[in-house]
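Down below is the structure, laid out as structure tokens.
The values are calculated or read from the model by the stated rules, or taken from the named source; none is laboratory data. Quantities reported herein were computed from a predicted structural model and do not represent experimental measurements. Cβ atoms come from the backbone with ideal geometry, glycine included; neighbour counts cover every protein chain shown.
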Amino acid sequence: MLLHFGHSPSPGRLLSYSLVLLALFVLVTAPGRAGPIANTTSGSYVGTRDAQNNIDVFLSIRFASPPPARFLQTLPIANTPEGQQAAAAFGADCPQLPAPLAVAGIPAGPPLRGANESEDCFFVNLWRPAGTSAGAKLPILVYIFGGGYFSGSGSEWNGTSLVRRSVVTKEPIIWITFNYRTGVLGFIGSAQAPPSALNVGLQDQPFGGDGSRITLSGESAGASSVHMHDFYPDSRQTFRAGISSSGTSLVSNTPACEWNDRPGGAYSNLGNVTDCGIGPGSFECLQNLPFETFWPLALTTYAVPPGGGLPEWGMTCKGPEGSLIDEYPVKKVINGEFLTLPIITGTNNNEGNFVIGTSFLELTPQPPLALENSILSAFIAGHLTNFKNVSENTLSKLLDLYAHPTEDLSNSTLYDRATQFETDYTFLTPQRLFLKTASAAQRTQDVWAYSWQQHLPGSPDFFGAFHTSDLHYLDIGFSQDFYISFVNDLNPGTSWQKYTEEFQTVMRLLEGNVGPIADTVRRAQTDFLNQVEIMEEFGRFG
């Protein structure tokens with residue numbers, strides 16, 4: 001059986017799609033002397049048996065061959081190696097920042113564990129109950145790593161805890177991670193890039209095979225990826241459900257690809273440091289640079305914006321007809337142009353606190369109100385894309401809406417106001433826009449929503465339940481059973497009420513206090529930001 005990675009072409013698209021010759025979890029497997037063996041259409045692999053947890057692990061199963069040139073789509077595996085290949089250690093990670101971004105000493109994710117970094121980094125990792133046979137047809141949870149689309153790897157994550165727990169609850173699952181290209185290598189955006197090279201990192205992402213068994217999941221950029229595959233689906237059913245954690249926001253902020261060509265934009269900066277320029281021939285110039293020349297220069301364009309935030313390479317972009325993302329995602333949301341599959345989606349209570357950093361806290365002395373409003377106005381205006389401008393009336397209204405923070409987590413009203421705007425604009429507002437459409441009665445779509453409110457022990461009090469804090473609970477998560485049930489039964493359980501037009505409730509995920517609550521926090525703020533004319537001012541529609 002073929003496992004498909006990417007999207008099948010729809011009419012008018014010029015993409016060349018690859019079928020990946022991997023069927024690790026459907027072909028006959030057997031224990032070998034050195035470990036469990038998987039006979040797949042991409043070769044025979046020897047994994048490891050975790051005897052203590054009774055789990056089989058297969059690492060670095062190749063799912064594609066590198067593209068013929070940088071930024072292009074991967075190729076099907078050309079030659080299947082003879083004999084057994086070792087699948088006991090992670091393969092190469094895709095090139096990225098030397099270390100994950102960290103704020104106040106807290107890294108955005110765990111360290112990479114790949115053997116090295118290479119442009120040849122297309123590997124899948126799998127955890128399953130020991131001795132799983134092809135006939136078991138266990139449900140599969142595919143996890144798409146986060147990292148802002150500019151960092152991360154499948155090697156960061158370990159499926160042992162979740163798979164072990166699924167066996168204990170008698171709802172066994174298979175858990176998969178994989179690599180995809182990030183940053184400039186996966187998300188180069190420019191009017192000079194051909195349509196097929198735009199958002200190629202999304203096209204790397206593997207899922208498919210028996211779509212009736214696969215649930216896509218992810219956090220942050222991985223969660224946005226779940227929604228992207230929901231909005232721009234394959235012509236075949238390649239998955240049956242989704243779990244999106246802290247990610248709807250990034251989908252809604254997809255600018256036009258030529259946004260990167262502006263002075264100071266990511267492609268413009270890259271053209272300057274490499275001497276490739278930004279005009280005709282610049283894309284081919286970047287492709288032809290030796291990696292050892294290209295990569296150190298490319299890394300200099302990953303700078304974090306002043307005042308905090310994410311590198312500009314950390315975004316998808318809207319391209320022309322023939323590209324994967326050929327329409328603004330926010331239009332897809334409003335018009336309901338996405339799959340009606342079951343989905344769990346949620347945000348953390350204080351997403352923005354980690355995202356914007358601590359620069360506002362470090363202002364000494366803290367500014368008086370007039371200066372504070374001026375700084376906050378500039379911060380709000382910094383969220384504009386697509387060469388748009390926000391009106392003075394809109395800025396004045398937002399300053400008023402965020403005049404009194406709903407939580408005082410720090411000694412800085414500027415920080416508390418800015419972080420709550422960031423949480424709302426980038427996460428909660430688009431989350432509610434999606435929920436409004438997805439939960440409409442006429443769609444008959446099963447939707448569950450949550451609010452993560454757990455504070456991470458040892459983290460600063462002013463961070464609250466910050467973006468990525470839920471990742472620290474993946475191995476010991478008190479919410480694991482919800483997800484295991486969902487992967488098996490397309491329902492997280494009777495205690496979790498669906499999100500509907502009539503009952504707009506979310507599940508509060510807080511240890512010792514898990515239960516449904518009304519989805520009302522800062523509703524006036526998010527309703528204002530979700531007005532079409534306000535979204536147009538911020539450039540969400542191009």
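Numbers at a glance
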{"read-out": "Among residues of segment 329-363, those that are surrounded by 24 or more Cβ atoms within 10 Å (Cβ to Cβ), out of contact with any Pro (no Cβ under 7 Å at 6 or more places or on another chain) and either acidic (Asp, Glu) or more than 30 Å from residue 376 (Cα to Cα) (or both), counted", "value": "2"}
{"read-out": "Residue selected from segment 97-111 under the condition of a type in the set (A, V, I, L, M) and not in a loop (DSSP other than H, G, I, E, B), by the criterion surrounded by the most Cβ atoms within 10 Å (Cβ to Cβ)", "value": "103"}
{"read-out": "Selection from segment 456-481 of residues that are farther than 23 Å from residue 165 by Cβ and not small (Gly, Ala, Ser)", "value": "460, 461, 462, 463, 466, 467"}
{"read-out": "Strands (runs of 3 or more DSSP E) contained entirely in segment 30-70, each with at least 3 residues that are more than 14 Å from residue 130 (Cα to Cα)", "value": "43-46, 55-62"}
{"read-out": "Among residues of segment 224-263, those that are touching an Asp or Glu at 6+ places or on another chain (Cβ under 9 Å), over 27 Å from residue 473 (Cα atoms) and surrounded by fewer than 23 Cβ atoms within 10 Å (Cβ to Cβ), counted", "value": "2"}
{"read-out": "Criterion violated by residue 88 - all others in (1) of a type in the set (Gly, Ala, Ser); (2) modelled with pLDDT under 95; (3) in a loop (DSSP other than H, G, I, E, B); (4) over 23 Å from residue 199 (Cα atoms) satisfied", "value": "(2)"}
{"read-out": "Candidates 197, 193, 241, 256 - the one that is within 26 Å of residue 57 (Cβ to Cβ) and either out of contact with any Phe, Trp or Tyr (no Cβ under 9 Å at 6 or more places or on another chain) or small (Gly, Ala, Ser) (or both)", "value": "241"}
{"read-out": "Residue 396 vs. criteria free of Cβ contacts under 8 Å to residues at least 24 places away in the same chain, closer than 25 Å to residue 365 by Cα and hydroxyl-bearing (Ser, Thr, Tyr)", "value": "yes"}
{"read-out": "Listing of helices (runs of 4 or more DSSP H) fully contained in segment 433-542 that carry 1 or more residues being among the small types (Gly, Ala, Ser) and touching a residue at least 40 places away in the same chain (Cβ under 8 Å)", "value": "480-489, 523-529"}
{"read-out": "Scope segment 382-411; condition of a type in the set (Gly, Ala, Ser) and at pLDDT 95 or above; matching residues", "value": "391, 396, 403, 410"}
{"read-out": "Among the residues listed as 503, 486, the single one being under 22 Å from the mean Cα position of the chain (by Cα) and hydrophobic (A, V, I, L, M, F, W, C)", "value": "486"}
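Table: residues versus (1) touching a Phe, Trp or Tyr at 6+ places or on another chain (Cβ under 6 Å); (2) closer than 29 Å to residue 379 by Cα; (3) crowded, with 23+ Cβ neighbours inside 10 Å.
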position: 429; (1), (2), (3): no, yes, yes
position: 433; (1), (2), (3): no, yes, no
position: 436; (1), (2), (3): no, yes, no
position: 442; (1), (2), (3): no, no, no
position: 451; (1), (2), (3): no, yes, no
position: 462; (1), (2), (3): no, yes, no
position: 469; (1), (2), (3): no, yes, yes
position: 474; (1), (2), (3): no, no, no
